[in-house]
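To keep things clear, I will list the structure first and then write my remarks on it.
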Amino acid sequence: MDILHNLMFGFEHALTLQNLLYCAIGCVIGTLVGLLPGLGPLSTISLLLPLTYSIPTDGALIMLAGIYYGAQYGDSVSAITMKIPHASSIVACIDGYQMTLKGKTGLALFSAGISSFIGGTVAIVVLSTVAPALGEVALLFGPADYCALMLLGFCCVGFVTTSGYILNGLAMALVGVLLGSIGTDVTSGRHRYTLDLPFLSEGVGLISVALGCFALAEIAKNLDSRSQFTPFSGSIRLLPSWTEFKRIIPSALRGSAVGSFLGLLPGGGPVLAQFGAYALERRFSKYRHELGSGAIEGVAGQAAADEAAARTSFIPLMSIGIPENAVMALMLAAFIVKGIQPGPNMIGQHPDLFWGLVASMWIGSCLLLILNVPMVRYLLSVFRIPYSVLFPSILFFCCVGTFSINNNLDEIYITAVFGLFGYLFLRLGLEAAPLILGFILGPMLEENFRRALLLSHGSFSIFLTRPISATLVTVIAAFLAWQVIAYVRQGRVRAVT
Amino acid sequence: MNNQLLIRGLLLVAIALWFGVPALNYQVGTFSRAGPGLFPLLVSCIVGLIGVVMMVRGWVEKPEPITFKVRNIFILLASLVGFVVIAEHFRVIAAVVYLVFVSTLAGSDYSIRRNLLICAMLIAIAFAFRAFLGLNLNLI
């Protein structure tokens, strides 16, 4: 009953008028940016991060979290109605759009809404039981274990991104680590890679890197493709029949379970969870023969998994202190800006913040359900805004956001430089998301790496003798070996054909 | 030389050299007493190695062309740089007008009336930011 007690404590903090308002703002903004193509949670959180400096800590974090999980629902809506794929709604485009073609848009949206709510609720239970327990395990982590965990995260995050090659993601994460080493070395006080520019002695700003690589590069890509979406104009009949409703529940529960689990893993999150849920439906659903041609299960399972994973991916961040994907890396930055170090001690030191955030996630689920399911047709009107209005505005917000960190206009130059690099990376098929993860974890990785070697007097065996890091290193090695084998096999197939 | 993998590898090797060579000049130290150069040097070596692997793959495999369109990204960067220059030497309002009118050149259609409306909206937002979030912009 401890958990119930703690959750009640959390609701007391989350149900203040102010925090409710921030939660609602976060959910609405999240849904809107989830709907619109080319504005994901990553660019939105990096745009809004500097603007949260003047907001109280719990409100700011509740709002940023709301943007993340709100975006998952918005993603599904635009995938179902218009087949716009976002990173986390690729699967929703299959069955969701098929349902729209059959005139069952309302049913698909209702399934997604209800399943998201179920996924969110299950994830809250997982979050409030697993996070404190994992926090206790994390107290056993030494520097070598932290290093191994971060490296595993770098390998996995590359695997999850669209290209599927571990090497691409690993390379980008390590480039991020190198960028993170710009500035003053903490141990020796020596300036590194500052090019003798005084403002670089503090390092490159996170917001500059994030906005350049995500917002700017993404705008340029959208402008290049000039794709126009015709706004959805069909009719929406929301309420399902009882037989249809009964089909939603089991697949939503399966999706919640797999989503909650996949959200916990390094590199995990909604992007991975949707595929897991779809694979599970294909294996176990009673209606699996309908999958692919507009089955309710194809929408419900992935929507539940998306929402569940978006929430459980907070667990490694809050109980170990290591973010597992790029959005969580930005959340880590938000915590640190507010003077809070996520990690094993956070739940003990800031129980009001932790439980308040957990409770707000469930309140967010309710808000999303109440606001969005009946009001979805009004939300879809954002597609009437032409992109020619949207992108100059985003550029302006990029400038204001970069400026507001240090009240320094020169930092916008750095944003521009990273915009160019971001676009180059995009065109070369390299994803920028691992770069942000590496950039934020870089200084932490270096510190732990040096500390581990100091403890072992320079011997790398410390990574293999400690049980936790030995396990993690084995997993990394298995991952890399599997990639090499898969590549060689692929090559053989190519050579034969 | 329009080969995505080859250029990707070249870029990674270039980044590795850019960070790795100066790292040699910072004190490297030993593994037990690492200097400031050791960690960046190690990481650059791995990045360089991955870059070489990609270059080799680029040589062996069927080339996949890259599509790098200079125009749009250049317009975006020019509008950002111009924004900073105008905002520093003049006023933010003028910079916003410049940003909107130059950046929309990259869009599919151009409308002066719409641009004026966007400018008005963004300037209003800038005033709101200054009033409510205490943003220190020299607007007028």
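Just so you know, all these numbers are worked out from the coordinates, no wet-lab data involved. All of these numbers come straight from a predicted model, not from anything done at the bench. All Cβ positions, glycine included, derive from the backbone under ideal geometry; neighbour counts span all protein chains shown.
By the count of neighbouring beta-carbon atoms within 10 Å, fewest first, A:Glu431, A:Glu244 end up ordered A:Glu244, A:Glu431.
Evaluated over chain A, the count of Lys pairs having alpha-carbon atoms less than 24 Å apart is 8 (only pairs 8 or more residues apart or interchain). Modelled spin labels at A:Val417 and A:Cys366, positioned 7 Å past Cα toward Cβ, are 4.9 nm from each other. Sequence-ordered 3J(HN,Hα) estimates for the range A:343-360 from the Karplus curve with 6.51, -1.76 and 1.60 and θ = phi - 60° stand at x, x, 8, 5, 4, x, 7, 10, x, 4, 5, 4, 5, x, 5, 4, 5, 5 Hz, glycine and proline given as x.
Which residues in the range B:34-60 place their backbone N less than 18 Å from a point set 7 Å from the Cα of A:Thr184 along the Cα-to-Cβ direction? Residues passing the 18 Å test: B:36-37.
Rounded to the nearest 10 degrees, the inclination of helix A:143-160 to the longest alpha-carbon principal axis of chain A is 40 degrees. Extending 7 Å from Cα along the Cβ direction at A:Val488 and again at A:Val475 yields two label points whose distance is 2.5 nm. This ranking places A:Phe391, B:Phe129 by how few other beta-carbon atoms lie within 10 Å of each, fewest first, which gives B:Phe129, A:Phe391. Over chain A, Cα pairs under 8 Å with separation of 6+ residues give a relative contact order of 28 percent. A simple spin-label model places the labels of A:Leu197 and A:Phe9 4.7 nm from each other, with each point 7 Å out along Cα-to-Cβ. Taking amide hydrogens as placed 1.01 Å from N in the peptide plane, the amide H of A:Arg192 sits under 5 Å from those of A:Gly183, A:Thr184, A:Asp185, each at least 5 positions away in sequence or on another chain. Taking amide H positions as modeled 1.01 Å from N, with prolines and chain starts lacking one, the residues under 5 Å from B:Gly29 and 5 or more places away or on another chain are B:Gly35.
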